[in-house]
Amino acid sequence: MPTQPNLVSAARSGDADAFDELIGAHLETGYRVALAILRNPDEARDALQDSAFKAWRRLGQLKDGGAARAWFLTIVANQCRSVRRGRWWSVVTLPSVDRSGRDFETASAQSTDLQRALAALPAEDRLPLFLHFYLDLPLEEVGAVLGLSAAGAKTRVYRAARKLRPGLELD
């Protein structure tokens, strides 16, 4: 198996297999990030596809020794933010479709207290929590995805967790 700098160099020279090996391992994680931000499986898949295309076009921005996961997840998060800023995102609301045979996208996962409390948070607060606690990314990578330092990411996670607590307290 080639090392990451070799994969980056090979992908830059047009090797699609090297690009697939470099980014392919992060597609599921990217989908989960997109789903956490957009909260719509179809929109998340579209955003992930657009992100992979942008990653291919922006391979020159990835440093040879850089972390491909943080770089790719940053592209995914930025693409999702662009989708949310889009004109139709705030205008069109579609009815919820019952997807009773699906895996982690099921209604049972959405019905938990934690899911409801997370859903009440704004997207900019949900993302740091999701990256750190659900994807188990270290604070350095959370900061890279959010465009912050590790200390800034730690602060964001802490503040978002404090906002989450009142929604989880028992009556």
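The table below lists the values:
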| item | result |
| --- | --- |
| Selection within the range 104-115 - modelled with pLDDT of 50 or more and assigned to a loop (DSSP other than H, G, I, E, B) | T112 |
| Residues located in the range 128-169, provided they are of a type in the set (G, A, S) and touching a Ser or Thr at 6+ places or on another chain (Cβ under 9 Å) | G143, A144, G147 |
| Cross-chain or 6+ apart pairs with Cβ under 9 Å, the range 29-47 first and within 16 Å of A120 (Cα to Cα), then of a type in the set (V, I, T) | I37/V76; I37/V83; L38/V83 |
| Check on L118, modelled with pLDDT under 85, part of a helix (DSSP H, G or I) and either in contact with a Gly (Cβ under 8 Å, 6 or more places away or on another chain) or not assigned by TED's automatic domain parsing to the domain that holds L38 (or both) | yes |
| A55 in contact (Cβ under 8 Å) with a residue 60 or more places away in the chain and either more than 11 Å from the chain's Cα centre (by Cα) or farther than 19 Å from L131 by Cβ (or both) | no |
| Among (1) at pLDDT below 85; (2) buried (at least 18 other Cβ atoms within 10 Å of the Cβ) - the single one P2 does not satisfy | (2) |
| Qualifying residue in the range 149-163 (condition: of a type outside the set (S, T, Y), exposed (fewer than 12 other Cβ atoms within 10 Å of the Cβ) and modelled with pLDDT of 90 or more) | yes |
| Boolean, D125 is of a type in the set (D, E), surrounded by 13 or more Cβ atoms within 10 Å (Cβ to Cβ), under 18 Å from R32 (Cα atoms) and at pLDDT 70 or above | yes |
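The values are calculated or read from the model by the stated rules, or taken from the named source; none is laboratory data. Values in this document were obtained by computation on a predicted structure and should not be read as measured data. As a convention, Cβ positions derive from the backbone with ideal geometry for all residues, glycine included, and neighbour counts pool all protein chains shown.
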